[in-house]
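The values are calculated or read from the model by the stated rules, or taken from the named source; none is laboratory data. Computed from a predicted structure; not experimentally measured. So basically every Cβ, Gly included, is an ideal-geometry build from the backbone, and we count neighbours across all protein chains shown.
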Amino acid sequence: MRSRLKIGMVCYPSIGGSGIVATELGMLLAAAGHEIHFISYERPVRLKCGENLFFHPVVVNEYALFKYPDYTLPLSVRIMEVCEEHQLDILHVHYAVPHATGALLAKQMLGQKKLPVIVTTLHGTDTNLLGKDPHYRPIIKYSIENSDGVTTVSESLKAQTIETFEVQHPITVIPNFYAPGPITQSREEVRQMLQVRDSEYLLLHMSNIRPGKRVADLLTALARLKNRKQVKLLILAGGDFEPYQADLIRLGIQDRVIVIRDVKEIEDYLNACDLGVYASEAESFGLSILETLAHGKAVVATEVGGIPEVVQDGRTGRLVPAHSPGAIAAAIDQLIEEPQRMQAMGLAAAKEAQARFAPPVIRDQYLAYYRDLLAAR
């Protein structure tokens, strides 16, 4: 077996968690000497092509014949072309649909030629959203069962996937990863820019502002804080915050909330904050939560999905019931009133993130998994 692997990485190019994880994993593998080929309709936002890193765009044409533009078919053709030209060993696809489906079509088109091992990583949407749709469930189940290897980012998602699709295919849990990037502005400079006083606590929430993130619960919790005058909430929004503007006025917290959209470099803001707050009603893993913990900040988060696998209640943060703004507020107030405890949790969070979720740790788990699958073939 070759020590240098040729790996295709198929993912969405957006700033969502799966695209970030796929991109960072590909760059880690390239830095370790492996040849990585990204396949998507756009260059992933964090991808820096260089030695061992290549990008192959999928061209999607719109024909009047089709009421809706099709992505899966041109994706499968592009995957086939890249596999054939570069003799890939591994095809690592993120999400069952459309990526694993496209990979399986490409495998059929390749016929008797050298076929790569197909690894499908499930990040949550396949199971938690599309898995409930009877029009998608059969193709997701098929794509999972016909992949050579399947991974999920948490034990919670693994259990949900087995229950939702009743699959017999073995599933391996390999969590997400993160390491803090360089700080370009000091904590004081960022807080001054945000107009946050030294005496104020800066809470941080990062998400794509989908309904499941329960941003309204966070705003309600902020309004209920006993220590509201000492707190500001910074929201790094990956989507439109406009629907919540009326809530700020209704709750009387418009002077307590700062919203910045579509931030790609988050490190300076994480360094400047004091506490992370997350109110999701479902979460397969919680990459934003891991990013917050890795910067040595305690987190208040809901006890749902894979979050308890990332946050240790009472040690690296506080876990509260979902749909409970009052519980969120109480946990925040408690930590504000016990700043030494909050600081101790932050220190423990950074150590835990480094020990369990450091990029080299997770990279090596994927490499071992790839090699096991290749050996089994």
Evaluation of P308 against (1) surrounded by 16 or more Cβ atoms within 10 Å (Cβ to Cβ); (2) within 19 Å of L233 (Cβ to Cβ) (one fails), failing number: (2)
Tally the residues that are in contact (Cβ under 8 Å) with a residue 60 or more places away in the chain and outside any loop (DSSP other than H, G, I, E, B), restricting the search to segment 110-120. 2
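Just a yes or no: is a residue in segment 32-47 among the aliphatic types (A, V, I, L, M), buried (at least 21 other Cβ atoms within 10 Å of the Cβ) and touching a Lys or Arg at 6+ places or on another chain (Cβ under 7 Å)? Can you show your working first?
Keep residues of segment 32-47 that are among the aliphatic types (A, V, I, L, M), which gives 32, 36, 39, 45, 47.
From what is left, the residues that are buried (at least 21 other Cβ atoms within 10 Å of the Cβ) are 36, 39, 47.
Now narrow it down to the ones that are touching a Lys or Arg at 6+ places or on another chain (Cβ under 7 Å): 39.
Yes - at least one qualifying residue is present in segment 32-47.
Quick check, is Y12 under 23 Å from L367 (Cα atoms), aromatic (F, W, Y), out of contact with any Leu (no Cβ under 7 Å at 6 or more places or on another chain) and in a loop (DSSP other than H, G, I, E, B)? Break it down stepwise before answering.
On the way: under 23 Å from L367 (Cα atoms): yes; aromatic (F, W, Y): yes; out of contact with any Leu (no Cβ under 7 Å at 6 or more places or on another chain): yes; in a loop (DSSP other than H, G, I, E, B): yes.
The answer is yes for Y12.
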Residues of segment 269-286 being in contact with a Gly (Cβ under 6 Å, 6 or more places away or on another chain) and crowded, with 24+ Cβ neighbours inside 10 Å, in sequence order, are E283, S284, F285
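Return yes when T302 is assigned by TED's automatic domain parsing to the domain that holds L225, at pLDDT 95 or above, crowded, with 22+ Cβ neighbours inside 10 Å and farther than 21 Å from V21 by Cα and no when it is not. Break it down into steps so the answer makes sense when it comes.
Details: assigned by TED's automatic domain parsing to the domain that holds L225: yes; at pLDDT 95 or above: yes; crowded, with 22+ Cβ neighbours inside 10 Å: yes; farther than 21 Å from V21 by Cα: yes.
Here the answer is yes, as T302 does meet what is asked.
Would you confirm whether any residue within segment 37-44 is assigned to a loop (DSSP other than H, G, I, E, B) and touching a Gly at 6+ places or on another chain (Cβ under 8 Å)? Can you show your working first?
As a first pass, look at segment 37-44 and keep what is assigned to a loop (DSSP other than H, G, I, E, B): 41-44.
After this cut, where a residue has to be touching a Gly at 6+ places or on another chain (Cβ under 8 Å) as well, the list is 44.
Yes - at least one qualifying residue is present in segment 37-44.
I need the full set of residues from segment 72-105 which are assigned to a helix (DSSP H, G or I) and not hydrophobic (A, V, I, L, M, F, W, C), in order please.
Of all residues in segment 72-105, those assigned to a helix (DSSP H, G or I) come to 72-86, 96-105.
Of everything in segment 72-105, those that are assigned to a helix (DSSP H, G or I) and not hydrophobic (A, V, I, L, M, F, W, C) turn out to be T72, P74, S76, R78, E81, E84, E85, H86, P98, H99, T101, G102.
If you scan segment 364-377, which residues turn out to be surrounded by fewer than 19 Cβ atoms within 10 Å (Cβ to Cβ) and at pLDDT 95 or above? Spell out the reasoning first.
In the first step, residues of segment 364-377 are kept if they are surrounded by fewer than 19 Cβ atoms within 10 Å (Cβ to Cβ); the result is 364-365, 367-369, 371-377.
Correct list: D364, Q365, L367, A368, Y369, R371, D372, L373, L374, A375.
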Does any residue in segment 161-176 that is modelled with pLDDT of 95 or more and assigned to a strand (DSSP E or B) come within less than 8 Å, Cβ to Cβ, of a residue that is buried (at least 18 other Cβ atoms within 10 Å of the Cβ) and of a type in the set (G, A, S) six or more places away or on a different chain, and which pairs are these? T172/G149; V173/S154
Residue list for segment 335-349, filter: crowded, with 17+ Cβ neighbours inside 10 Å and within 21 Å of E267 (Cα to Cα): M342, M345, G346, A348, A349
Residues being loosely packed, with under 14 Cβ neighbours inside 10 Å, under 24 Å from the mean Cα position of the chain (by Cα) and farther than 14 Å from S280 by Cβ: count how many of those fall in segment 315-334. 1
For residues that are farther than 22 Å from P339 by Cα and in contact (Cβ under 8 Å) with a residue 60 or more places away in the chain, scanning just segment 195-217, find the one that is farthest from the chain's Cα centre (by Cα). D217
Yes or no: R371 in contact (Cβ under 8 Å) with a residue 60 or more places away in the chain, within 20 Å of L293 (Cα to Cα), in a helix (DSSP H, G or I) and not assigned by TED's automatic domain parsing to the domain that holds E291? no
When both residues are 6+ apart or on different chains and their Cβ atoms are under 6 Å apart, which pairs have a first residue that lies in segment 332-360 and is aromatic (F, W, Y), and a second that is modelled with pLDDT of 95 or more and not in a helix (DSSP H, G or I)? F357/F177
